[in-house]
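Asks: Have a look at this one before I ask anything.
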Amino acid sequence: MKRNCMMLCCLAAMTLLVGKTLGQERPKSETFSKATPPAGAPLLTGNSKSTDESTSPQGADRTEQARRGTKSEPSERAEGEQRFRENCGRCHQPPHKFPPRVMAAAIRHMRVRALLTDEDMRLILNYMTR
Amino acid sequence: MTPPVTSPKLKFGREYRKPSLGMAMKTLGKTIPGSVRHRFEVAARFAKSLIRMVRFETLMGLAVVGAFFIVSAGFAQEANDQDAKPIPILQGSVALISDFTGGQPDIHPIATPVVLLPIGQRWLFETRATFENDFVEVPGRSGFHGGPVQKEVEYAQLDFVANKFMTISAGRFLTPFGIFNERLYPAWIRNLQSDPLILPIGIGPSNASTGAMVRGGFQARPQFDINYTVYFSTVVTTTPVDSDRFAGGRAGIFVPKARLEVGASFQHLLQQERSNLFGFHAIWQPTALPLDLRWEYARSKRGSGYWLEPAYKLSQLPFLQNEMRRTQLVARYQEFFTGPAVSDSLPPVHTKQFEFGANYYFMDGLKFATNYGRQFSSLGNVNVWTLGLTYRFVVPLGPDGSPK
């Protein structure tokens, strides 16, 4: 009896947690505005990486770009494509593009499985969904 | 002769009385005001009485729930910026592999569906199952005959992305020892359809662990990323989801400029011989060539060995470019050395194996694979042929967000 009560309590707590997590989701428009800052705005901070593919095709000057701290949409796409090839191609044939919400689930899976960094995940998702 | 009437309960043990709140208060009430040390002792006795009132399982349950709340609340403010809300998806692969080992044909259909269930912005439930069968020729009967379909849940884990440095996973998960089991195992990913000889080292009896894992990847310096995994597995004896009791970890460094990843794995077995296992791995994709080079080494008390696998895509050839860019040549050389302890899943003698083959990608996800190899051991040398067709699929289980 006591064990059943504990099980019920645990289940209730888990349900509350899941509910709370779902409740934290922001409206899509809000997240969209956060994920895509306007061109020219500071985008990469902290441990972020950046590369200009035209000058360093294999990601040589990530530091230089990060120091500059600015990025346009095309360069972010190029950066995303490069991360995609570096990371996804390490284990398997890089897939074609998936629909945005499918890719969002797959990239979360890959974050866990392939230990993608936060920045890799963001840039690859950006590249694969636009 | 009448044996003396004794009460073992009174003689050898003390009668157990379930502590109650009243007892605890009584304990507190007996205190005599004195030194600070004495007060501490009284407080400790009171706490002990209270703790005895609840059962161990209750405490464990509360601890787990509390930990979830703390972790959840602690990182709730760090929202992960995603412009597309993930939906549940069903993905996986189906494959039809036929191999001829030592002249014995074997048809091996296999389906491995993976269900991904994202919950909110930080949680993911993922599970992979395998349905497979082996069709072999039975003497005296025509055609191929298979037994019952083997079913297995390879992993079922709940992941919580705590922050950009750490993800916490719990449940049944693929043991992260080396790279093959966790990253290269599915039929649509692997370049050669046969398993490396050293695959059973360090991954447990059913290729998976039951317990918890902390892992993550982050950019340590602008020049390289670091990834790590630390895990603990407990004993499960229910077949086919059995697992051993061990703890271990894996760490790797990835240099994007050189496209080179090197890493090491360690595991300590907490049962049987309580031995240590370790391994090393490397993946290199030279930037000038469409070449993948993978290498893995593992050592345990039950044996050690390595494999080296180059795979070259013919995309640089100047003729038949449409076909060549879909074609990949693969080879693998591997060697296994026996250890002081024996294992059912590892070769019983020193074994060498060389394989080479080709993969042809008809389209994204559909691959034809063939390879030939020869195994050398004191038990006899055998040929290994493999032919296979693999298909990887992705099915959204909801509106996928594609533009109408």
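The values are calculated or read from the model by the stated rules, or taken from the named source; none is laboratory data. Everything numeric in this text was worked out from a predicted model, so none of it was measured. Ideal geometry is used to build each Cβ from the backbone, glycine not excepted, and the neighbour counts take in all protein chains shown.
Asks: I'm trying to understand the selection: among the residues of region B:249-274, which are assigned to a strand (DSSP E or B) and under 16 Å from A:ASN87 (Cα atoms)?
Replies: Answer for region B:249-274, where residues must be assigned to a strand (DSSP E or B) and under 16 Å from A:ASN87 (Cα atoms): B:GLY252, B:ILE253, B:PHE254, B:VAL255, B:LEU260, B:GLU261, B:VAL262, B:GLY263.
Asks: Hey, another quick one. If you take the residues in region B:114-148 that are surrounded by fewer than 18 Cβ atoms within 10 Å (Cβ to Cβ) and among the small types (Gly, Ala, Ser), which one is farthest from the other protein chains (Cβ to nearest Cβ)?
Replies: B:GLY140
Asks: Next question, about the same structure. Looking at (1) at pLDDT below 95; (2) surrounded by fewer than 15 Cβ atoms within 10 Å (Cβ to Cβ); (3) of a type outside the set (S, T, N, Q), which one does B:TYR360 not meet, given that it meets all the others?
Replies: (1)
Asks: OK, next. Would you please name the residue that is nearest to B:GLN375 (Cα to Cα), looking only at residues in region B:83-113 that are among the charged types (D, E, K, R) and buried (at least 17 other Cβ atoms within 10 Å of the Cβ)?
Replies: This residue is B:ASP99.
Asks: Ok, one more. Among (1) out of contact with any strand residue (DSSP E or B) (no Cβ under 9 Å at 6 or more places or on another chain); (2) buried (at least 16 other Cβ atoms within 10 Å of the Cβ), which single condition is B:GLU273 missing?
Replies: Here B:GLU273 clears every test but (2).
Asks: Name the one entry in B:VAL394, B:VAL342 that is under 25 Å from the mean Cα position of the chain (by Cα), at pLDDT below 95, aliphatic (A, V, I, L, M) and loosely packed, with under 15 Cβ neighbours inside 10 Å.
Replies: Values: B:VAL394 fails: loosely packed, with under 15 Cβ neighbours inside 10 Å.
After applying the criteria, what remains is B:VAL342.
Asks: Among the residues of region B:149-179, which ones are within 10 Å of chain A (Cβ to nearest Cβ) and outside any strand (DSSP E or B)?
Replies: Answer for region B:149-179, where residues must be within 10 Å of chain A (Cβ to nearest Cβ) and outside any strand (DSSP E or B): B:LYS164, B:PHE165, B:PRO176, B:ILE179.
Asks: Which condition breaks for A:MET103 when tested against (1) more than 10 Å from chain B (Cβ to nearest Cβ); (2) crowded, with 19+ Cβ neighbours inside 10 Å; (3) farther than 18 Å from B:ASN163 by Cα?
Replies: Every condition holds for A:MET103 apart from (1).
Asks: Can you tell me which of B:PHE280, B:PHE266, B:PHE232 is at pLDDT 95 or above and more than 15 Å from the chain's Cα centre (by Cα)? Before the answer, list the steps.
Replies: On the way: B:PHE266 fails: more than 15 Å from the chain's Cα centre (by Cα); B:PHE232 fails: more than 15 Å from the chain's Cα centre (by Cα).
None of the other options fit; the residue is B:PHE280.
Asks: Let me ask something else. Do we find that B:ALA264 is among the hydrophobic types (A, V, I, L, M, F, W, C), crowded, with 23+ Cβ neighbours inside 10 Å and closer than 30 Å to A:GLU119 by Cα in this structure?
Replies: So B:ALA264 fails the test.
Asks: Do we find that B:PRO186 is within 14 Å of another protein chain (Cβ to nearest Cβ) and modelled with pLDDT of 95 or more in this structure?
Replies: Details: within 14 Å of another protein chain (Cβ to nearest Cβ): yes; modelled with pLDDT of 95 or more: no.
Judged against the criteria, B:PRO186 is not a match.
Asks: Filter region B:229-248 down to the residues that are surrounded by 19 or more Cβ atoms within 10 Å (Cβ to Cβ) and part of a strand (DSSP E or B) and list them by number.
Replies: B:THR229, B:TYR231, B:SER233, B:VAL236, B:SER243, B:PHE246, B:GLY248
Asks: Let me ask another. I'd like to check something: does region B:94-113 contain any residue that is at pLDDT below 95, within 10 Å of chain A (Cβ to nearest Cβ) and in a loop (DSSP other than H, G, I, E, B)?
Replies: No, because not a single residue in region B:94-113 is at pLDDT below 95, within 10 Å of chain A (Cβ to nearest Cβ) and in a loop (DSSP other than H, G, I, E, B).
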